[in-house]
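Novice: Got a structure for you, written out below as C-alpha cells; questions coming shortly.
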C-alpha cells in the first residue's frame with residue numbers, strides 16, 4: 001500500500017521538517033499567559049503528530065487520514081500504551097484549542113499557575129514521545145533505508 005504520491009523518504013522528510021519546526025517553538029515561560037500555554041500544547045501535539053507520520057512513512061505504513069486513525073495505527077504498530085498516549089495528547093490538544101473553560105476544569109482548579117505547571121509536565125511527556133519517534137527514525141535511516149525494505153526508495 002502506498003504511503004502517498006511521494007516516495008516514503010520524501011514524505012518522511014516533509015513531516016520531519018514540520019515536526020522539528022513546531023517543537024522548536026514549544027515552551028512555557030514562567031509568566032506564560034493562558035493563550036501561550038494553549039498554543040504550546042497544540043504545537044507540541046502537532047510536533048509529535050508529524051514525527052509519528054515521518055516514522056510511519058519511512059516504514060511504508062499507509063498514512064492515517066484522521067487523528068483517531070493515527071491513534072489506532074500507533075496502537076497496532078507500537079502497542080496499546082503508545083496508542084493511548086497519542087489519544088491522550090490529542091484530547092489535550094483538542095481541549096487547548098476548543099475548550100474555553102479548560103483552566104476552570106477540576107484538574108487546574110481555575111488557577112493559571114496550576115495550569116502552567118501541569119501543562120509543562122504534559123509538554124515534557126510530549127517531548128519524550130517526540131524523541132522516541134526521532135530515535136526510531138534515526139535507527140531506520142542509519143540502517144540505510146525504509147524499515148529494511150530495499151525497494152522503499
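Novice: Can you tell me which residue is nearest to the chain's Cα centre (by Cα) among those in segment 64-109 that are surrounded by fewer than 18 Cβ atoms within 10 Å (Cβ to Cβ) and within 19 Å of residue 12 (Cα to Cα)?
Specialist: 67
Novice: Scan segment 50-57 and tell me whether some residue there is assigned to a helix (DSSP H, G or I) and out of contact with any helix residue (DSSP H, G or I) (no Cβ under 8 Å at 6 or more places or on another chain).
Specialist: No: zero hits.
Novice: Go through (1) part of a loop (DSSP other than H, G, I, E, B); (2) at negative phi; (3) free of Cβ contacts under 8 Å to residues at least 40 places away in the same chain and name the single condition residue 109 misses.
Specialist: Looking at each condition in turn, residue 109 falls short on (2).
Computed from the coordinates by the stated procedures, all read-outs in this text should not be read as laboratory data. Note that the structure is predicted; figures quoted are calculated from it, not measured. Counting neighbours? That spans all protein chains shown, and the Cβs are built from the backbone with ideal geometry, glycine included.
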